[in-house]
1. Given (i) 133, 52, 16; (ii) 58, 42, 29; (iii) 50, 31, 22, which label gives semi-axes √(5λ) of the Cα gyration tensor in Å as computed from the coordinates?
2. Using packing as a proxy for protection, rank 390-397, 760-767 so that the peptide with the highest average count of other Cβ atoms within 10 Å comes first.
3. Just to confirm my numbers, what's the Cα centroid distance between segment 451-510 and segment 198-232 in Å?
4. Ranked highest first by average number of other Cβ atoms within 10 Å, how do 489-500, 244-255 line up?
5. Only helical DSSP H runs with n ≥ 4 go in: add -39500 (n - 2.57) per run for the chain, normalise by residue count and round the 222 nm mean residue ellipticity to 500 deg cm²/dmol.
6. Count charges around TYR136 for me, please; just the other residues with Cβ under 12 Å from its Cβ, Lys/Arg as +1, Asp/Glu as -1.
7. Report the local net charge at PHE708: Lys and Arg +1, Asp and Glu -1, summed over other residues whose C-beta lies under 15 Å from its C-beta.
8. Apply the Karplus parameterisation 6.51 cos²θ - 1.76 cosθ + 1.60, with θ equal to phi minus 60°, to every residue of segment 440-452 and state each ³J(HN,Hα) to the nearest whole Hz, in sequence, with x for glycine and proline.
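Each value in this text was obtained by applying a stated rule to the coordinates, not by laboratory testing. This is a predicted model, so every value here is computed, not measured. Using ideal geometry, Cβ is built from the backbone for each residue, glycine included, and neighbour counts are taken over all protein chains shown.
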Amino acid sequence: MDKKTSFTHLLLSKKAGFLTLLFTLISLSPSLWAQDTPVSEENTEDVVRRIRFSGNKNVKDRTLETLIRTRINREFLGIPRFTPWYYLWRLSKGRFGEEPIYLDRSIVVNDMERISLYYQSLGYFDVQVDTTIIEYQKNKTEVSFLINEGRPYSIETVSYSGLPNFSEPDKRTRFLRSSSLTKGRIDDTTYTVKQQYRSENLSTEQIRIIDFLKNNGYASVQRDSVIALVKKQEQDSTKLDVQFRINSGRVFRFGDLRISLADGNPPDDYSEKDTLTTEEFSLNDKQIYLKKEPATQTKFSLLSDQVLYTPGDIYNHELYLNTIREFQNLDMLFIRRFGQSEDSVQPDFSNEYIPVFVDLQSLVKHSISTELFGMRRYGYGTGFGVDYTNNNVFGKAESFSLNANASFEFVSQAVLEEIADTSTQSSVFRSYELRGDYTVPRLNFPFAFLDNTRYFTQGLTRYSLSYSRSDQLYFDINSDVQFNLRYEVNHTPRFSSFFDLIELDVVDPDPTEEFRTNLFSDFGVEDENDPIPFELRRILEDFRSQVSSVIRYTFRSQRTDLIKRNFGYFSEYSISTGGNIPYMLDRFVVTPDTLEGSLPSLFNFSDNNLAYNRYVKVSADYRRYYPLSNSSVFAWRLFGGIAQPYGESTVIPLNRRFFAGGSNDIRGWGPFQLGPGKVASGDVTVNGGEIKLAAFTEARQIFIRDLFGANWHGAWYVDAGNIWYGPKNDSPSRENLEQGRFRFNEFYNQIAVGTGLGLRLDWQYVVARFDFTFRAHDLEAGWFNNRKMYFSFGIGHSF
């Protein structure tokens, strides 16, 4: 049947010969669409059992299914027309299951409109959408959408009219060239584009222009201040020229800033007030007015430090919003109201100066919690803990928490003689731990000069110090002291940095010979020269007197939902170096003339020497998520890392090495059970490696929606990778060293590969994961020779 194409978002302008693009108000008349089967406004008792699309060469069925409101009953495992919940409803005569979805012809008409609008947003302005409704069985219908896409339209050029000039000569040019639309330059305001028309791209450019203007003084700019006009080229009507017409309005400035802080106990009594009139806080007689209640115990400087602009200066909307975010990041208060007018929602644009009002309320400053517990092991014991928190220590939102724990166990002499075969062991086992954390909502020395500069407006400095001591059966921990100084910055919503300037850990245990004997016996190791299980080696490492220091920088970039992981990407890059602080103490303080390779016990608590190792470590982790449809995702991940000892050190501390295997790593192998190289898991004498390479892929598909409140995903995945000894590793076993050493001409033959199927139960805030893996390449059995299935469970997606 004959159909007319309606360009409802392209309206002809007789004078200019342009077509005006309306981004938000799009209306189509259903009467424009003809169809082979007449569509009435009356609903029927026909059940929709099939929905088909034809002619959609450039848009997937899954995408169109998300657009339409005509539905069929839920299918199981994606099997067409297999709807067990609907069948259950029929068998139970409506008492259980899912009610049938009846045909609504008015909804079908609206669906045709939605499909047409979507195609037009992609540049298919000549699209024609028709429908047929067939009753293939009594009360069972099939709805088909017939689509004639037509040719896609393309944007050839884009120009900008009305964009104001700035004091910086190249500012406007730099802004235009940074657009995703502009390619080659034709003149000062016109650029080539040569890409298919998409309304989303034009809308993104419109928002970019608005943000640019609002950040440069044009505060009154709204969406209708920037309009895109579209004109067909005479020689080819499918080629378009776009012009953005901009009405920027006048330049505005920041007016007075008024900040109030209440204590939460009505009525508000702001008896403490201050006005900042110095050049740092004021221009053109515009000032900052501060007022607070005495009970807030807060300094005025805390409030003024969060302000990122100067009253009287040119208006910048980004600085205004970042100032509000600065207040939101203070843990000792919350925002009751903020705005650019005292009473109304919208600012008063009749005045050149725009005031800002921020109304705050402080939270409870002090909090204490306690816990008391009992226990029974060798005897009866008790323990208690106290936690104290102060969220505004010195009046500038500094947070301090102090945690103290102690436990005591009383063991009778008879039990001691039975379990320890000795009467000299103390009958009281004790442990103490004291931990303090101090956080300030800014960057402290030596990075204070960066605080509140661009991309450093949300900085934190964290200090933590802990001390513990323990007297137990067979061993004592004379002291375990940990100190950490960390700086955290969220540069933008996507980028963040973490810098551990000092991460120091001093452990001074004193295990007895009975401790080692019993420990080896528990793990079934008869001789210390036999292969030692990883878990045993970790325990022995933990009970070795040592001092560890780390300096580490981590950069994180992300644009994804960290729970769903169904779009965008996640990446993390880290570099660290260890052992330098104890090395400098050893080299220049303790024994200036001799490099011992160890330090004496802290405060002379024992006669033990504290060993240390120097090393450098680098790692990179990149993950990408591609939504294939509204119900399927393809994801991949690459990981690479290397750690290298230097100086007199030949090994990396155990807790700083790379490991492979586990439900969140290379599935099919248990945690820490893969590698190094081709060394058999039972023959490993030095666990972990200095080099790691890994690659992961996973495809996920929803096959059941909203069952027990969760979406059920099926997954197919392939994991590959391994760890290796580095070139400087000095393993006690020469055979293992050679089998586990990384070599460019051999490493690709030592890549372990696991593949399998999995199930994901996806609730709103948590994902439960069940994986069933086969070792496609088992380094001991070869390719496809290991038919055993390995199960793993995890919370959250694997990557």
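1. Among (i) 133, 52, 16; (ii) 58, 42, 29; (iii) 50, 31, 22, the one calculated here is (ii).
2. Final packing ranking: 390-397, 760-767.
3. Here the answer is 45 Å between Cα centres.
4. 244-255, 489-500
5. -4000 deg cm²/dmol
6. Counting the neighbours of TYR136, the net charge comes to +3.
7. 0
8. Per-residue couplings from phi come out as 10, x, 6, 8, 9, 3, x, 10, 4, 5, 8, 4, 6 Hz.
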